[in-house]
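Please read the structure below before turning to the comments.
The values are calculated or read from the model by the stated rules, or taken from the named source; none is laboratory data. Being a predicted model, the structure only gives us computed values, none of them experimental. Positions of Cβ are backbone-derived with ideal geometry, glycine not excepted, and every protein chain shown enters the neighbour counts. Keep in mind that these areas ignore ligands, DNA and RNA; they rest on the heavy atoms of the full protein, side chains included. Shrake-Rupley method; radii C 1.70, N 1.55, O 1.52, S 1.80 Å.
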Amino acid sequence: MMRKLTALQVMRGIAASLVVVDHSILRHVEWADYPLIMKVAAPYSGTLGVAVFFVISGFIMMHTAGNQFGKNGASLTFLRKRIVRIVPLYWAATALEVALRLRKGGVIDPQALLASLFFIPVPVAPGDYMRPLLGVGWTLNYEMFFYCIFAATLHFRRKVGLILLFSTLAGLVAIGAMYKPLGDTSAPHTVLTFWTDPIILLFAAGVAIGLLEESLRGTASSVHSIPIAAVMLLIWATVFLWIVGSYPVPLAWQLGGWAVCILSVGLCVFEKPVQTNLAWRAGTHLGDVSYALYLFHFFAIVAAEKVWWLLLGRDPSILFVAAAYFSSVAAAYAIHHLFEVNLIRLFTPRSGCSEIALRTPDPNSNATAPQPAPTLQKPAHHYGRK
């Protein structure tokens, strides 16, 4: 007996949508006149989407692998599942990016390509911020870094492993603060400051939510978390734009935004299962395809732009953002069902271990439910593909 963490899956879809809208607006800004407030609101929505993704990632790792501490082979099994889930689709998106650059006469640095494929952060130019060839892949550099740390802690019994996990993440941030002050919230420009950026603490927050969910398992809230989470994010973004409205984000405002994202994910984790309806099915499907949406949405935005120019010219219209968004979602659905699902099934033959759905045992059942393989929300950011 299993129930789907529907609200959390919908939240993944919302987070991915924030990133797509962010990049759609920033692409439109290149040939359309937007108010300054929109030029700030778009990337800030993307940063909130990324924060939600990282918190969910920490929770999912704890939720699906939290009982593997101290078991023989747990670390390798965990990493194998994460590689199967993350790498093939990311490499496919990177290959598409490389092919398009070469088609336009660009030159690909082999070292940058290798670093991008193996999740090693590199600067886009000497002394510049760190981005792989596929710009949105910067979040995957953090994801894989966290997975390696989590896998290492699985060698130990649970209590020791968790202490090491939290202390390692906190210690890295403390080390990074010696080279880049915490008050400096600009993008990291070195490998050291990238790996030690305070953003990695969002994974720790997700793990903490997983521990809380374990201790309160069987407890569920009747609160409708998605509307509340959406309103909280909207209010926070509005207040930020009204009072600050510029970058880089002051540390207090950054921490406040992260707190809202953590609370939003926590609410979704404890929501009771809802009756199946069209809106919830659409939301959960959007969450299912969120990784493909994250990786490939910029390609779809550029394609939508070309079609828009062909049919409607370059007259600016906010409707372009809607067209770009729905084009991205359609592309993500196709990629997810034609490639991603089949690939995961190929390497994960057991039907009880689907990586696509976030599931948890039904507290009303006496049966022991199989543990699903981890799933990833993928994350995105306002730096995009630059």
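Listed values, structure above:
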{"read-out": "The chain - charge dipole about Cα centre, Lys and Arg +1 at Cβ, Asp and Glu -1, debye rounded to 20", "value": "900 debye"}
{"read-out": "Calculated FRET value between A330 and L278, using beta carbons and R₀ = 22 Å, to 0.05", "value": "0.80"}
{"read-out": "Estimated FRET transfer efficiency (I228, V107; beta-carbon r; R0 41 Å; 0.05)", "value": "0.25"}
{"read-out": "Length added when fully stretched, H155-T168, from 0.36 nm per residue minus Cα-Cα", "value": "3.2 nm"}
{"read-out": "Point-charge dipole on Cβ atoms (K/R +1, D/E -1) for the stretch 124-277, about Cα centre, debye to 20", "value": "340 debye"}
{"read-out": "Accessible-area order (highest first, 1.4 angstrom probe) of the listed residues E143, E30", "value": "E30, E143"}
{"read-out": "Shape category assigned to the chain from the gyration tensor of Cα positions, a/c cut at 1.5", "value": "rounded"}
{"read-out": "Exposure of T190 as accessible area (Å², to 10), given a probe of 1.4 Å and all protein chains", "value": "70 Å²"}
{"read-out": "Mean projected area in nm² (Cα convex hull; one quarter of hull surface) for the stretch 1-97", "value": "8.9 nm²"}
{"read-out": "Computed lengthening from H189 to A322, 0.36 nm per intervening residue step minus Cα-Cα distance", "value": "44.5 nm"}
{"read-out": "Computed accessible area, W309, all protein chains, 1.4 angstrom probe, square angstrom", "value": "70 Å²"}
{"read-out": "Solvent-accessible ranking of K159, K39, K180, largest area first, probe 1.4 Å", "value": "K159, K39, K180"}
{"read-out": "Helix-only mean residue ellipticity at 222 nm for the chain, each DSSP H run of n ≥ 4 adding -39500 (n - 2.57), per residue, nearest 500", "value": "-21500 deg cm²/dmol"}
{"read-out": "Linear extension gain, L182 paired with L312, 0.36 nm per residue minus alpha-carbon span", "value": "42.1 nm"}
{"read-out": "Pairs of Lys in the chain closer than 26 Å at Cα, counting only those 8 or more apart or on different chains", "value": "16"}
{"read-out": "Alpha-carbon centroid distance for the pair the stretch 99-153 / the stretch 60-91, whole angstrom", "value": "21 Å"}
{"read-out": "Coordinate range along principal axes, alpha carbons of the stretch 238-291, Å, largest first", "value": "41, 21, 21"}
{"read-out": "Surface accessible to a 1.4 Å probe, H285 within the full protein complex, Å²", "value": "90 Å²"}
